[in-house]
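Trainee: After the C-alpha cells below, expect a handful of questions from me.
The values are calculated or read from the model by the stated rules, or taken from the named source; none is laboratory data. Keep in mind it's a predicted model, so treat the numbers as computed, not measured. Because the Cβ atoms are built from the backbone with ideal geometry, glycine has one as well, and the counts that use them run over all protein chains shown. Surface accessibility is based on the protein's heavy atoms, side chains included, excluding ligands, DNA and RNA. Shrake-Rupley method; radii C 1.70, N 1.55, O 1.52, S 1.80 Å.
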Amino acid sequence: MKTIKHKTLHLPVIVEQDEDNIYIVSCPVFKGCHSYGKTIEEALDNIKEVIEMCMEEEKEENTSVSNSFIGFRELEVPLKKQRA
C-alpha cells in the first residue's frame with residue numbers, strides 16, 4: 001500500500017476583533033479572502049474553507065499566487081486634536 005503525502009501551504013492570516021467581539025480573519029495572499037467567527041477557532045476553520053475556495057478559483061482561472069507575505073507591522077498614526 002502506498003502512502004500519499006499531502007503538500008501543505010503555510011499562509012499568513014490576520015486576526016482582528018470587532019466591536020461586537022466577533023473575530024475577523026483575512027488571508028492577504030488572496031484578494032477578498034475574509035471570514036469571521038464567534039471564536040478564533042471558528043474563524044480559523046471558516047477561513048480555511050474560504051482559502052480552499054480561493055485556491056480552487058485560481059486554479060480554474062489558471063493563475064498563480066504572485067504575492068509573497070513579507071511581514072506584519074503595526075503603524076502608529078497620531079490623532080488630530082478635535083476643535084471645541
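Trainee: Just tell me the longest site-free run in the chain, where the sites are GluC sites (Glu not before Pro) in a DSSP loop having at most 13 other beta-carbon atoms within 10 Å.
Mentor: Details: sites that count: Glu19, Glu61, Glu74, Glu76.
The reported range is 20-60.
Trainee: Taking Cα pairs under 8 Å and at least six residues apart, what relative contact order does the chain come out at, in percent? Each step should come with its number before you reach the end.
Mentor: Values: 82 pairs, mean separation 15.5, N = 84.
About 18 percent, as a whole number.
Trainee: Then there's this: If I model region 1-42 as equal point scatterers sitting on the Cα atoms and use the Debye formula, what is log10 I(q)/I(0) at q = 0.21, 0.22, 0.26, 0.32 Å⁻¹?
Mentor: -0.71, -0.75, -0.91, -1.10
Trainee: Here is a further query. Of all the accessible heavy-atom surface of the chain, with the other protein chains kept in place and a 1.4 Å probe, what percent is carbon and sulfur? Write out the running numbers ahead of the final one.
Mentor: On the way: 4310 of 8300 Å².
After summing per-atom areas, the C and S share lands at 52 percent.
Trainee: Return the label of the correct value of Rg and Dmax of the Cα atoms in Å, as calculated from the structure shown, out of (i) 17.6, 77; (ii) 13.7, 49; (iii) 13.5, 47.
Mentor: (i)
Trainee: Here's something else I'd like to know. Counting each DSSP H run of 4 or more residues in the chain as -39500 (n - 2.57), what helix-only mean residue ellipticity at 222 nm follows after dividing by all residues, to the nearest 500 deg cm²/dmol? Kindly include the intermediate steps, with their values, before the conclusion.
Mentor: Values: 1 runs with 21 residues, N = 84.
Taken over the chain, the calculation gives -8500 deg cm²/dmol.
Trainee: In Å², and per residue, what accessible area does the chain have when probed at 1.4 Å with the other protein chains present? Before the final figure, lay out the partial values.
Mentor: Details: 8300 Å² over 84 residues.
Accessible surface, normalised per residue, equals 99 Å².
Trainee: How tilted is helix 40-60 with respect to the longest principal axis of the chain? Cα atoms for both, answer in degrees (0 to 90, nearest 10).
Mentor: That helix lies at roughly 60 degrees to the long axis.
Trainee: Next question. Would you list, by chain and number, the lysines whose Cα falls below 27 Å from the Cα of Lys59, excluding same-chain residues fewer than 8 positions away?
Mentor: Here the lysines satisfying the reach criterion relative to Lys59 are Lys2, Lys5, Lys7, Lys31, Lys48.
Trainee: Taking H as built 1.01 Å from N, whose amide H comes closer than 5 Å to the amide H of Tyr36, not counting residues under 5 places away?
Mentor: HN-HN under 5 Å from Tyr36: Val25.
Trainee: Under a GNM of the chain (C-alpha, springs under 10 Å), which listed residue has the highest mean-square fluctuation: Ile51, Ile70, Ile24?
Mentor: Top of the fluctuation ranking is Ile70.
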